[in-house]
1. Just from its helices, what would the mean residue ellipticity at 222 nm be for the chain, if runs of 4 or more DSSP H residues each count -39500 (n - 2.57) and the sum is divided by every residue, rounded to the nearest 500 deg cm²/dmol?
2. Out of the DSSP beta bridges found with both residues in the chain, what percent are antiparallel (nearest 5)?
3. Hey, if you put +1 on the Cβ of every Lys and Arg and -1 on every Asp and Glu Cβ in the range 88-195, which of Ile135, Val165, Pro154 ends up farthest toward the positive end of that dipole?
4. Pick out which of Ile201, Ile37, Ile241 has the largest mean-square fluctuation in a Gaussian network model of the chain, springs linking Cα atoms closer than 10 Å.
5. At 0.36 nm per residue, minus the direct Cα-Cα distance, what do Ser140 and Ala268 gain on full extension? Give it in nm, one decimal, please.
6. With the cut-off at 1.5 for a/c, could you classify the range 327-430 from its C-alpha gyration tensor as rounded, prolate or oblate?
7. Averaged across orientations, what area in nm² does the convex hull of the alpha carbons in the range 106-208 project?
8. Take the alpha-carbon centre of the range 355-434, take the same for the range 96-172, and report the distance between them in whole Å.
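Read-outs throughout are calculated quantities, based only on the coordinates presented, and are distinct from any laboratory measurement. These numbers were taken from a predicted model, which means no experiment stands behind them. Cβ placement follows ideal geometry from the backbone for every residue including glycine, while neighbour counts extend to all protein chains displayed.
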Amino acid sequence: MAPILTRRQFGAGFAATASGLLSRPAIARGAAKVVVIGGGAGGATVAGTLKSTAPAIDVTLVEPHAAYTTCFFSNAYIGGLYDYASLTHGYGGLAATGISIVNDRAGAIDTAKKTVTLANKTVLEYDRLVVAPGIDFQWSAIEGYSPQAAEIMPHAWRGGDQLQVLRHRLEAMDDGGTVVIAAPKLPYRCPPGPYERACVIAHFLKTHKPKSKLVILDAKMTYAKQAAFQEAFERYYSDIIELNLTNDIDDFTVTRVDPATGEVATKAGLTIKAAVANIIPPQTAGAIALQSGLADLGWCPVDPASFVSAKAPNVYVLGDSAVANEMPKSAFSAHSQGLAVAAHIAAELEARPPTPGRYRNTCWSIVAPDDAIKIGADYAPGPLPGGKSGLVPSNAFVSKPGESAGERKATYNEAFAWYPTLTGQIFKPASRKS
Ligand SMILES: Cc1cc2nc3c(=O)[nH]c(=O)nc-3n(C[C@H](O)[C@H](O)[C@H](O)COP(=O)(O)OP(=O)(O)OC[C@H]3O[C@@H](n4cnc5c(N)ncnc54)[C@H](O)[C@@H]3O)c2cc1C
């Protein structure tokens, strides 16, 4: 462990140990170094929170994109209820706090040497490493699907250009066409996301291309906020949405696509010719986490009290890449985890005892203009059924069918207030002098 030394401690030549005792001569060195891989909801939260709460720490944020376009709230854009520019956030606010922003991709992590090698071969040393690279796709799970195929049959499941590809294809399709959404099995990013997307696309079709249909091909038997979504499908889009959940007889997992013909085929043998296909493939932790040995079975196990990696010392994994039990893979979760990770790192580097993390999630879903539903819970480390430790939910809530229009409008307004608040907290944190 490398405690941060105050100027006074440097002068005295002593460093505090983890137990808080002044014991041995300090190694003359600069500020403790924290490298954060990934400038999304999780990584940017850690970087900004750490720098504003412990300004003496040297924080470097590695992110290949000059600006971040959020996947969260992007369904509002897909449905024509929010503009694309408002989803995009630069890193200037984080840079202004003194964080070094490195616009490159992390190519390799050496957890023994405590280094990160960037794509341009620069080597960064760290005392603590934060890995928050989001998700990657299991391209090979669907025959015919690939990054090239996604230009025609977008997943739109990571922020950026893919969102515009999907929106532009919806705008360009003829009235009377079929839109197909392929939803994967859990775990994946944003469990209610495919059903919210179905609602906002169906809203677009209803208002612009009313002869069109939307077919959901789902690899699952049940899904998040099911009762409230089901009510919305029937109330607003009964002529448009056809939901095919996998059941005991038919498996609606999409197994093959043909971007040249628009065909989407399921395991059960159903083939649909789609005018627009939104193919959401099965997912894994971000590739850098897999390549660096931080994952088991595609996702990264962590200590639920701190999000310290179960696979490597001095490394934290958070956000969508981490195994967080029932805590959904959401931006709200990633931000909540990021606050806890920043507090844990600051405590460790300042040789204070860290406090176990407490987390929260809320996910809003727009089902129609002025109508939104939500689900959420608090999470704390504790025993799970079966004896393992993990994140235990409490105070859980979920929107129910039959809620009043007023309640739904209030939930809709909450969602539209949440987005700018959260992105402001993440990308424009308060700065403090060291
Ligand atoms: C359609 C849709 C709707 C959603 N709606 C909501 C919502 O309403 N509410 C909600 O809370 N969540 C929502 N989400 C989920 C949310 O977007 C994710 O859970 C959240 O972004 C996860 O944060 P993260 O930091 O783990 O990953 P990300 O936000 O994806 O950030 C990962 C970052 O890491 C970078 N990166 C990857 N590899 C490397 C590397 N090797 N080197 C350097 N950088 C790297 C990427 O460029 C990216 O910027 C939605 C998702 C989708 C798809």
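1. On the way: 10 runs with 115 residues, N = 434.
The helix contribution divided over the chain gives -8000 deg cm²/dmol.
2. On the way: 43 of 75 bridges.
Beta bridges within the chain, antiparallel portion: roughly 55 percent.
3. Towards the positive end, the residue furthest out is Ile135.
4. The residue with the greatest mean-square fluctuation here is Ile241.
5. On the way: separation 128, 0.36 × 128 = 46.08 nm, distance 1.85 nm.
That works out to 44.2 nm of additional length.
6. Working: a/c = 3.70, a/b = 1.53, b/c = 2.43.
It is oblate, given that a/c is not under 1.5 and a/b is not larger than b/c.
7. Numbers: hull surface 37.2 nm².
Mean projected area of the Cα convex hull: 9.3 nm².
8. Centre-to-centre distance over Cα atoms comes out at 25 Å.
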